[in-house]
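In what follows, a single structure is set out as structure tokens and then discussed.
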């Protein structure tokens, strides 16, 4: 069975709340797959090879993995695990001397 490769953008281990996070699952050969997305052991979605978190929150942090399923119900192995944490927003204060 093919083994998917999972990547995450940004490629940092932590992101700030509100940032966009994109997970991409690649299986070779690439045609004919439907992708399944998991956070831990919880099934998230069955869709394309990209899973996007538009505005990350603390509840989005954790371990993610993907797998692929063909129309014949042939399933790939699970991908590598990608983990990230979500930190609170950074507030920059600019003090002006008067």
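The values are calculated or read from the model by the stated rules, or taken from the named source; none is laboratory data. As the structure is a computational prediction, the values presented were derived from the model and not from experiment. Counting neighbours? That spans all protein chains shown, and the Cβs are built from the backbone with ideal geometry, glycine included.
Could you list, in sequence order, the residues of segment 46-61 that are under 13 Å from residue 86 (Cα atoms), assigned to a loop (DSSP other than H, G, I, E, B) and in contact with a strand residue (DSSP E or B) (Cβ under 7 Å, 6 or more places away or on another chain)?
Selection gives 56, 57, 61.
Out of 16, 84, report the one residue that is at pLDDT below 95, surrounded by 12 or more Cβ atoms within 10 Å (Cβ to Cβ) and touching a helix residue (DSSP H, G or I) at 6+ places or on another chain (Cβ under 9 Å).
84
Where the second residue is exposed (fewer than 13 other Cβ atoms within 10 Å of the Cβ) and part of a loop (DSSP other than H, G, I, E, B) and the first is in contact (Cβ under 8 Å) with a residue 60 or more places away in the chain and on the phi > 0 side of the Ramachandran plot and lies in segment 2-30, which pairs have Cβ atoms under 7 Å and are six or more apart or on separate chains?
18/55; 18/89
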